[in-house]
Amino acid sequence: MAEVSLRRIVKAYEGDVQAVKGINLEIADHEFVVLVGPSGCGKSTTLRMIAGLEEITAGDIAIGGTVVNDIPPRDRDIAMVFQNYALYPHMSVYDNMAFGLTLRKFPKAEIDKRVKEAARILDITPLLERKPKALSGGQRQRVAMGRAIVRDPKVFLFDEPLSNLDAKLRVQMRTEIKKVHQTVNTTTIYVTHDQVEAMTLADRVVVMNHGIIEQVGPPQELYHNPATKFVAGFIGSPAMNFIPARLEETSGALRLMLPDGATLNVPEARVARYRSHAGKPVLFGIRPEHLTDDKPTDKTNPAPLTLTPEVIEPMGMETLAHFRIDGAEVSARLDPATPAAVGQPLRLIAHMDQMHIIDPTNDKVL
Amino acid sequence: MAADGSLAVSAASGTGRASSLERFARRRSTIAFLMTLPLLVVVIGLVGYPAAYGIYLSTLNRRMTGFMEGDWLPTGLGNFEILFDSDTFWMVVWQSCIFAISAVLLKALIGFWLAHMLHHIPTKGQRKWRGMLLVPWVIPPALSTLGWWWMFDPSYSSINWILNIFAVPAVPWLGEPWWARASVIIVNVWYGAPFFMIMYLAALKSVPEQLYEAAAIDGATSWQRLRYVTLPMMANIISITVLFSLIVTFANYDIVRVLTNGGPRDLTHVFASYAFQVGILSSNIPRGAAVSLFMFPILAVCAFFVLRGVTRRNKEQM
Ligand SMILES: Nc1ncnc2c1ncn2[C@@H]1O[C@H](COP(=O)(O)OP(=O)(O)O)[C@@H](O)[C@H]1O
Ligand SMILES: [Mg+2]
């Protein structure tokens, strides 16, 4: 059981590629933290530095209060699950799981007890004598997790463990991982590029981009209060709409002027927050789920808006409509009962309580 | 009208015949047979026939006028009977086994060590070193053995000259039986180790890096990674290379012929050089054939066990 702290961690590869540019992160004991970000943003590099598979160019990593910079992976008391599982092909499932304990000279009986217990948790008891070759992707994934669990390490590290599975299995294994964490309660650092995985699994999500941390917070906070344009656009699906707009002040009230001439009233509660940007160009950010059809609603501050759909995608429980405002793509989530048609102007409501205004000069959410 | 009709019929029957022939030619088994035919011809011509002829030869008497009579073995196996009773022959069997086993072991160990070293130097330098280390293997062994012979020469030995600098007494490389055996093995290892190196290097490259990372996290030291990851992953390549090299080394001829010519006192002969000595130099072709046939059962037993292991591992993994 241990907390993990990263202090000003830098990783530079040969040729001055800075993959990680000085990140700070404190992970509490028992916490499930997910590093999420687009491919190439430095998530794996960060995880591998924690594992000791990659040297740290600068900074300190501490596990359980001990700085581990110069401690080899085998003495860090961590376990890792790789994207392609990395099971030993010449060993049976049992031996794969027992290997780490055998090397650490655990008594046979203790190894047997732990392997059987992990196999029971993961529901792979009937597979123990098989070789990895004879397992399906999902089963291999479970074995890889079993190998981590039996070790009872201080920290679990996962590097995109579900990326090689098909969509259905991915959802199933996601639940499985969450259950395992609730059972064993080990500090977990989980890397993924999939924001849905991050939102569903994490106690706290760490959003990374270009080797830096954009924002750290519980999933709901990232969704409701993104700190930057990147986080606002990365978290949530379909992604948030960004529409270039202007803030105008008239007699103490603020209005957003959209390029197609529409004006939207800024809720009174937010006027003070945005006043300093009056008269300047801004980005108006609103999620598709907050741009809905015009129906009586209990939400306050609805702002009407008329747009003409270019594409309509019925999904069953909802319908996605895509529009264009002065080149910016905009989508809205409609009730499937709404009679929307391509080319027919449609009256929408923007739920202004849920909108964000972004300063285009530094991409910060105001 | 009638003419048109008959023409049409004959044309139709013509295409019918052509298409059945075509169908025969298109049958997969026919195509497969035709495509393997050249290989079959080569195998039968270059392996099957000489082997059968060799067996036939070994049953003849010295003048090849009839079968070789035996005292206690049936007629035709007389040559084998004489070999069984010959001390020199048993010395050759023993000598060949010692030579092949120690040379192959050394080649495998040195080849593995070289491959490991190469594997851990960056790709750019690796090509250069790999090329240089392969040189012994690409020089025709008869030529390079001549070079070694000269280095081992009693009066002009450059190796002894170097040893002398360090105050080590001169070594009778080719004059004393044990040293002569060692010399033959040294040259064979020098010539054959690059082959192991290149095979093992390819095998090392095929072990996924993540297995080592997983093992490192599981707690393996670098020695344990070699023992529990590298070696098991390479087991098939190692056994096939060893088998292959065992066959070639067992049948080695040129190095012994050039370096010691079986001497001193026939003490460094191996199967091939002894077969040549008996069959060609002493003009007893049937007995020479009998000597060389003796390699077959020994190698067949080795091949059986090695290949069985390979098949078993293939079924389990990959
Ligand atoms: N061994 C390496 N040598 C050089 N550059 C690397 C190496 N590994 C990763 N990088 C670079 O570092 C950056 C971050 O990589 P990585 O941490 O793997 O990203 P991801 O977030 O997709 O896991 C990428 O731009 C990648 O090209
Ligand atoms: Mg990655």
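Quick one: of A:Lys43/B:Lys124; A:Lys116/A:Lys179; A:Lys105/A:Lys179, which pairs are farther than 21 Å apart, Cα to Cα?
With Cα atoms farther than 21 Å apart: A:Lys43/B:Lys124; A:Lys105/A:Lys179.
With θ taken as phi - 60° and the coefficients 6.51, -1.76 and 1.60, list the Karplus ³J(HN,Hα) couplings across the range B:130-146 in order, rounded to whole Hz; mark glycine and proline as x.
For the range B:130-146, the Karplus-derived couplings read 4, x, 5, 5, 7, 3, x, 7, 8, 6, x, x, 4, 5, 5, 5, 4 Hz, x marking Gly and Pro.
Based on DSSP H runs of at least 4 residues, each adding -39500 (n - 2.57), what is the mean residue ellipticity at 222 nm of chain A after dividing by all its residues, to the nearest 500 deg cm²/dmol?
Helix contribution divided over all residues of chain A: -7500 deg cm²/dmol.
Taking the C-alpha atoms of the range A:241-365, how large are the radius of gyration and the largest Cα-Cα span, Dmax, in Å?
Every Cα atom of the range A:241-365 included, Rg and Dmax give 14.5, 45 Å.
Expressed as an acute angle from 0 to 90° and rounded to the nearest 10, what is the orientation of the C-alpha long axis of helix B:28-43 relative to the principal long axis of chain B?
40 degrees
With each run of n ≥ 4 DSSP H residues scored as -39500 (n - 2.57), what mean residue ellipticity at 222 nm is computed for chain B after dividing by its residue count and rounding to the nearest 500 deg cm²/dmol?
-24000 deg cm²/dmol
Which of A:Phe230, A:Met257, A:Gly138 sits farthest toward the positive end of the charge dipole of chain A, with +1 on the Cβ of Lys and Arg and -1 on the Cβ of Asp and Glu?
Value computed over the given set: A:Gly138.
Let a ≥ b ≥ c be the square roots of the eigenvalues of the Cα gyration tensor of chain B; is it rounded (a/c under 1.5), or, if not, prolate (a/b larger than b/c) or oblate?
Note, shape of chain B comes out oblate.
Mind checking the dipole of the range A:241-365: about its Cα centre, +1 per Lys or Arg Cβ, -1 per Asp or Glu Cβ, Debye to the nearest 20?
400 debye
Under a 10 Å cutoff between Cα atoms, tell me which one of A:Met91, A:Met208, A:Met49 has the largest fluctuation in the Gaussian network model of chain A.
A:Met91
Using only Cα atoms and rounding to the nearest 10 degrees, what angle (0 to 90) does helix B:209-218 make with the longest principal axis of chain B?
60 degrees
Across bins of 10 angstrom width beginning at 0, how are the C-alpha pair distances of chain A distributed, in whole percent?
It works out to 5, 21, 25, 21, 15, 10, 3, 0, 0, in whole percents.
Which angle from 0 to 90°, rounded to the nearest 10, does the C-alpha axis of helix B:49-58 make with the longest principal axis of chain B?
Value to nearest ten degrees: 50.
Below 14 angstrom from the Cβ of A:Lys133, what's the summed charge of the other residues (Lys, Arg +1; Asp, Glu -1)?
Within the 14 Å Cβ shell, the charges total +3.
On average, how much area does the Cα convex hull of the protein assembly as shown cover when viewed from any direction, in nm²?
57.3 nm²
Which of the GluC sites (Glu not before Pro) found in the range A:53-112 are loop residues per DSSP with 13 or fewer other Cβ atoms within 10 Å of their Cβ?
Sparse-neighbourhood loop GluC sites (Glu not before Pro): A:Glu55.
Each residue of the range A:76-92 in turn: what ³J(HN,Hα) in whole Hz from Karplus with 6.51, -1.76, 1.60 and θ = phi - 60°, glycine and Pro shown as x?
Karplus values, whole Hz, x for Gly and Pro: 8, 6, 10, 10, 10, 10, 8, 4, 9, 6, 6, 7, 6, x, 8, 10, 5.
Specify the longest stretch of chain B that does not include any exposed loop site, a site being one of the trypsin sites (Lys or Arg not before Pro) with a non-H, G, I, E, B DSSP assignment and at most 14 other Cβ atoms within 10 Å.
Counting only loop sites that pass the neighbour cut-off, the longest clear stretch is B:64-264.
Summarise the partner chain shielding of A:76-87 as one whole number: the mean count of Cβ atoms from other chains within 10 Å of each residue's Cβ.
3
With a 1.4 Å probe, how much accessible area is buried between chains A and B, both sides summed, in Å² to the nearest hundred?
The A and B chains share an interface burying roughly 2000 Å².
The values are calculated or read from the model by the stated rules, or taken from the named source; none is laboratory data. Please read these numbers as outputs of a predicted model, since none were measured by experiment. Reconstructed Cβ throughout: ideal geometry from the backbone, glycine too, with neighbour counts over all protein chains shown. Accessible surface areas use protein heavy atoms only, side chains included; no ligands, DNA or RNA. Shrake-Rupley method; radii C 1.70, N 1.55, O 1.52, S 1.80 Å.
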